[in-house]
Amino acid sequence: MGSEIREHLLALLIEHADQFVSGEEISRQLGCTRTAIWKHIDELRKAGYEIEARPKAGYCLRYQPDRIAPEEIKALLSTRRFGHAIHYVESVDSTQWLAHQGVRSGAKEGALFLADEQTQGRGRMGRKWHSPPRSGIWMSLLLQPQIPLNLAPQLTLMASVGVTRAIRRETGLPVTIKWPNDLLIDGKKVCGILTELRGEQDQIHYVVLGIGMNVNTPAASFPEDLKTIATSLAAESGRTYRRAKLIAAILEELEHVYDLYLTEGFEPIRHSWESFACMLGQSVTAHTPQGPRQGIARGLHASGALLLETDEGVVVPVYSADIRQV
Ligand code: BT5
């Protein structure tokens, strides 16, 4: 109950940031006493918010720390279901693990699991994902699409379209997509997407969509092996971003693109994906489990596979590979 009131109070202060809201108005909107409000203001201050209090004028939010606790995100969210349930922890091995656990405890589609730090963040095929404290977005979203198992790879592409739109909308940075799941700025990786699913026979039980994004990470702080291949939104733009605002935008764009996918299928997603793709028309090497293949990246197959035109002029679909520009 207390945290719900605090969520409302924060939402109200954020809505009127840099303006005074009277104690009377707050207690009317929240349906609680002036003493209760004072207690919640005190707690928000302890969490790092600067809230000015003036007799007669009321309360005014002067500074918000870059927190990603549920109330921060919910105050900015306008989705119908994504992110309505948020499970936040300060530190965890992997938010993917939190989400799989969440399903066992009854979490539903749209539930979000996020952390300020991951100690064992993971990428695809057992690779590691560097997830230092408070500088990025490390989150996992639960989906339960009623689609056949063989269409699951389309979900990663769908997600990369949604996340690209969110970054472009919030930052104006020229993010592009490298097949299948890398979001790049100027050739460097700013975000990766990991889709893990559980299913049986031909039916998907659920999907955990993991999103890792470097937001305020200073370029110099990346480990040596990432310095030349990774970047952050802040490193590219020279300014910092509020992670809660980015998360709200990601959830909104993801919900929009997911609903489009469920109602109209993959075709509109395929078009958007191609408009954001960074290597189409270029010579690439696809490092597949069967060995390297060279060709020109031509676009997306209806299944989500990458279409590669070989030297012999034959167009072949590539289902699993790491792509490098030649
Ligand atoms: C990915 O794998 O790009 C998927 C990353 C998904 C991370 C999210 S965070 C929330 C959720 N919880 C998790 O535990 N995971 C998900 P892949 O395509 O395999 O790329 C991994 C490679 O990217 C590594 O081998 C490094 O070369 C590079 N890399 C690692 N950390 C990075 C970072 N922070 N920024 C950019 N590149 C990174």
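For the reader, a short list of remarks on this structure follows.
- The single condition among (1) in contact with a Lys or Arg (Cβ under 8 Å, 6 or more places away or on another chain); (2) closer than 20 Å to LEU114 by Cα that LEU157 does not satisfy is (2).
- In segment 70-178, counting only strands (runs of 3 or more DSSP E) that sit wholly within it, the ones holding 2 or more residues that are among the β-branched types (Val, Ile, Thr) and under 30 Å from VAL284 (Cβ atoms) span 176-178.
- Conditions (1) free of Cβ contacts under 8 Å to residues at least 24 places away in the same chain; (2) open to solvent by less than 50 Å² (accessible area, probe 1.4 Å); (3) out of contact with any strand residue (DSSP E or B) (no Cβ under 6 Å at 6 or more places or on another chain): number failed by PRO174: (2)
- Candidates ASP259, ASP225, filtered to the one that is among the charged types (D, E, K, R), out of contact with any Ser or Thr (no Cβ under 6 Å at 6 or more places or on another chain) and more than 24 Å from ARG80 (Cα to Cα): ASP225
- Pairs, first under 12 Å from LEU194 (Cβ atoms) and assigned by TED's automatic domain parsing to the domain that holds ILE137 in segment 91-109, second assigned to a loop (DSSP other than H, G, I, E, B) and open to solvent by less than 20 Å² (accessible area, probe 1.4 Å), C-beta under 6 Å, six or more apart: SER94/GLY121
- Identity of the residue in segment 179-218, part of a loop (DSSP other than H, G, I, E, B) and open to solvent by less than 40 Å² (accessible area, probe 1.4 Å), that ends up nearest to the ligand (Cβ to nearest atom): ASN181
- The residues listed here are ARG34, ARG54; of these, the one that is open to solvent by 60 Å² or more (accessible area, probe 1.4 Å), more than 24 Å from ARG243 (Cβ to Cβ) and touching a residue at least 12 places away in the same chain (Cβ under 8 Å) is ARG54.
- Positions within segment 80-122 being away from the ligand (no atom under 13 Å from the Cβ) and among the acidic types (Asp, Glu), in sequence order: GLU90, GLU109
- Residues (surrounded by fewer than 24 Cβ atoms within 10 Å (Cβ to Cβ) and more than 9 Å from the ligand (Cβ to nearest atom)) located in segment 123-142: PRO133, ARG134, SER135, LEU142
The values are calculated or read from the model by the stated rules, or taken from the named source; none is laboratory data. Everything quoted here is computed from the prediction, not taken from an experiment. Don't worry about glycine lacking a Cβ; one is built from the backbone with ideal geometry, like all the others, and counts go over all protein chains shown. Calculation scope for accessible area: heavy atoms of the full protein, side chains included, ligands and nucleic acids excluded. Shrake-Rupley method; radii C 1.70, N 1.55, O 1.52, S 1.80 Å.
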